[in-house]
Amino acid sequence: MTTPIDATKTAAWARLGQLHDELEVDFRAWFANDERAKNFTFTAGDLYVDLSKSFLTDDIKAALLELADQVNLLERREAMLSGQRINVTENRAVLHTALRREKGEEVLVDRHNVVDDVREVLTRLYAFAEKVRSGEWTGITGKPMKTIVNVGIGGSDLGPVMAYEALKPFVAEGIECRFISNIDPTDVGETLKGLDPETTLVIVASKTFTTLETLTNARQVRSWLLSALEAQGAPTDGAVAKHFVAVSTALDKVEAFGIDPDNAFGFWDWVGGRYSVDSAVGLSLAIAVGKDGFEDFLAGFRTMDRHFAQAPAEENVPLLMGLLNVFYVNFAGAATHAVLPYSQYLHRFPAYLQQLTMESNGKRVRWDGTPVTSATGEVFWGEPGTNGQHAFYQLIHQGTQLIPADFIAFANPTYAFKDGESDQHELFLGNFFGQTKALAFGKTADEVRAEGVAEELVSAKVFPGNKPTASIMAPALTPSVLGQLIALYEHITFVQGIVWGIDSFDQWGVELGKAMAKALTSAVEGDREAIAAQDSSTRGLIEYYLANRK
Ligand code: F6P
């Protein structure tokens with residue numbers, strides 16, 4: 001095991017501390033010299049990434065790149081891309097990038113080329129997706145499938161639902177995907193409402209095939225399917241094989257559940273759940289957008305992977321954005337980071353990123369088990385603009401916390417609506433451009449006064465400005481562009497994790513809650529002895545539940 005380098009002991013860290021102490025962010029002055037946008041705008045694939053309204057200066061950028069050097073970041077990048085077991089606490093390789101390698105490429109794990117395995121599963125997956133799309137795949141009563149219900153949680157849900165929502169314009173007519181994740185019975189109850197069992201295909205997606213939520217919901221959906229078919233006078237024998245398929249790394253467990261192994265699509269322990277949307281976990285998306293759409297999606301990831309692997313450090317967008325986030329967290333004291341897509345299609349993107357970033361980098365020990373030496377893992381959050389503008393932007397503009405924000409927008413809309421003479425997309429983009437401008441340049445007291453505002457209201461109407469943002473634009477939200485965006489954030493997350501010396505690919509912090517939920521079963525069911533054994537708070541809560549449950 002390579003010992004993590006303590007970033008805080010490097011010369012670059014000390015230099016960054018000094019640069020932060022001396023830093024006087026003044027975007028008005030910084031932009032007086034018009035070179036800034038040119039110097040701090042980069043391209044990566046189809047993405048145009050403007051970091052000029054960030055805290056980057058030439059000196060900070062140089063010191064951040066020195067930091068990358070001093071923590072051997074590029075060596076760690078190579079270790080990941082070449083399949084070394086950098087997920088130390090689970091003793092696994094980390095090869096989500098192998099999921100999008102092209103046929104004929106080679107990535108070896110234990111001297112075996114995993115790209116061949118990836119391509120083999122994709123071939124089966126596309127063949128199956130095509131059968132569903134064309135109507136060749138029929139249910140037990142001979143009808144083609146219309147609704148795809150994905151049952152999964154975490155990485156087996158957030159990626160598929162986010163990508164399906166994002167790529168709605170590319171979804172084949174007549175196909176609808178629905179998603180069940182929460183063990184709250186409401187989720188399964190509401191999602192199945194109105195569905196015709198004869199035309200419903202269920203995908204049970206679970207890397208481990210042991211997840212309580214997914215298996216419970218899958219059993220509920222199976223019962224619903226069988227009883228609904230029966231109620232319609234349809235045969236039920238053999239119905240599960242026709243209406244259920246699975247995606248998992250545990251194919252033996254899939255079979256034990258009753259799903260035909262021929263209808264199971266595998267992936268591998270070197271793909272983390274939150275990095276798996278471009279594996280067979282994306283089956284619902286592959287059915288929705290077809291082979292061409294899914295291949296385009298993979299090509300987008302690949303474009304960003306190549307950029308991350310090959311672009312010079314000074315222009316390497318994931319590297320720069322990851323390092324900049326380290327600067328915000330460890331030097332500027334930011335505890336959160338907003339991601340604000342100006343695209344309603346990306347409304348689940350912030351939720352997807354929450355698992356990607358926070359399950360990866362919410363860690364307090366390093367990969368060798370020693371305590372971290374600095375803050376890690378900021379809170380990622382967000383909502384699409386312009387909705388967020390009318391909700392929480394107030395705090396970003398005038399609150400007391402520093403909240404770096406990534407703004408994402410696309411030049412071309414799906415709907416070319418006019419509002420009188422105005423183009424609605426232009427009204428929308430005016431907000432996108434306007435917000436980062438307002439955050440950067442603010443409004444001074446004198447400017448407020450010049451508008452004739454009464455003196456006692458001036459301070460309330462001042463915008464301090466100097467709030468850091470990144471603006472990311474692309475021509476349009478296509479499968480490829482979505483793949484590029486996801487891979488961008490995957491690599492940003494990796495960069496931050498390496499600087500902090502943590503294993504960004506395990507998730508031990510989710511285990512205790514799962515164990516406690518299980519251990520509380522008999523108490524929740526009313527076992528007096530089990531209730532008496534609880535702490536007073538938990539006991540009180542369970543008693544309240546038992547007294548109020550009708
Ligand atoms: O509990 C966390 C977690 O393990 C995530 O990392 C994962 O994406 C999710 O649960 C679902 O796991 P699975 O795909 O094995 O059902």
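The values are calculated or read from the model by the stated rules, or taken from the named source; none is laboratory data. Note that this is a predicted model, so its numbers are computed, not measured. Cβ atoms come from the backbone with ideal geometry, glycine included; neighbour counts cover every protein chain shown.
Annotations
- Only one entry of Thr200, Thr249, Thr214, Thr208 meets the criterion of being within 16 Å of the ligand (Cβ to nearest atom), at negative phi and touching a residue at least 60 places away in the same chain (Cβ under 8 Å), and that entry is Thr214.
Every residue, every condition in (1) in a loop (DSSP other than H, G, I, E, B); (2) within 16 Å of the ligand (Cβ to nearest atom); (3) surrounded by fewer than 24 Cβ atoms within 10 Å (Cβ to Cβ), yes or no:
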position	(1), (2), (3)
Thr89	no, yes, yes
Asp117	no, no, yes
Glu120	no, no, yes
Thr123	no, no, yes
Tyr126	no, no, yes
Ala129	no, no, no
Glu136	yes, no, yes
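- Qualifying positions in the stretch 324-372 - within 16 Å of the ligand (Cβ to nearest atom) and among the aromatic types (Phe, Trp, Tyr): Tyr352
Results for (1) closer than 30 Å to Ala286 by Cβ; (2) within 25 Å of the chain's Cα centre (by Cα); (3) assigned by the TED database to the domain that holds Asn316; (4) of a type outside the set (Val, Ile, Thr), shown as yes or no for each residue.
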{"position": "Ala37", "(1), (2), (3), (4)": "no, no, yes, yes"}
{"position": "Asp46", "(1), (2), (3), (4)": "yes, yes, yes, yes"}
{"position": "Asp58", "(1), (2), (3), (4)": "no, no, yes, yes"}
{"position": "Glu78", "(1), (2), (3), (4)": "no, yes, no, yes"}
{"position": "Lys103", "(1), (2), (3), (4)": "yes, no, no, yes"}
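- Residue match in the stretch 416-428 (condition: within 25 Å of the chain's Cα centre (by Cα), at negative phi, buried (at least 21 other Cβ atoms within 10 Å of the Cβ) and among the hydrophobic types (A, V, I, L, M, F, W, C)): no
- Count - residues of the stretch 415-436 that are out of contact with any Ser or Thr (no Cβ under 9 Å at 6 or more places or on another chain) and in contact (Cβ under 8 Å) with a residue 60 or more places away in the chain: 1
- Qualifying helices (runs of 4 or more DSSP H) (wholly inside the stretch 458-550; at least 3 residues being surrounded by 24 or more Cβ atoms within 10 Å (Cβ to Cβ)): 479-500
- Only one of the listed residues (Glu173, Glu190) is free of Cβ contacts under 8 Å to residues at least 12 places away in the same chain and either more than 18 Å from Ser284 (Cα to Cα) or in a strand (DSSP E or B) (or both). That residue is Glu190.
- Within the stretch 172-183, being within 16 Å of the ligand (Cβ to nearest atom) and of a type outside the set (A, V, I, L, M, F, W, C) holds for Ser181, Asn182.
- Identity of the residue in the stretch 147-157, outside any loop (DSSP other than H, G, I, E, B) and under 20 Å from Thr186 (Cβ atoms), that ends up farthest from the ligand (Cβ to nearest atom): Thr147
- Among the candidates Pro144, Pro169, Pro160, the residue that is at pLDDT 95 or above, within 16 Å of the ligand (Cβ to nearest atom) and not small (Gly, Ala, Ser) is uniquely Pro160.
- On the stretch given as the stretch 344-372, residues that are out of contact with any strand residue (DSSP E or B) (no Cβ under 7 Å at 6 or more places or on another chain), over 20 Å from Met162 (Cβ atoms) and crowded, with 16+ Cβ neighbours inside 10 Å total 3.
- Boolean, Thr236 is in contact with a Ser or Thr (Cβ under 9 Å, 6 or more places away or on another chain), outside the structural domain of Ala351 (by the TED database) and closer than 30 Å to Arg85 by Cα: no
- Count - residues of the stretch 320-369 that are part of a helix (DSSP H, G or I) and more than 21 Å from Leu23 (Cβ to Cβ): 16
- Scan of the stretch 259-292 for residues that are more than 15 Å from Arg100 (Cβ to Cβ), part of a helix (DSSP H, G or I) and touching a residue at least 24 places away in the same chain (Cβ under 8 Å), ordered by number: Asn263, Gly273, Arg274, Leu283, Ser284, Ile287, Ala288, Val289, Gly290
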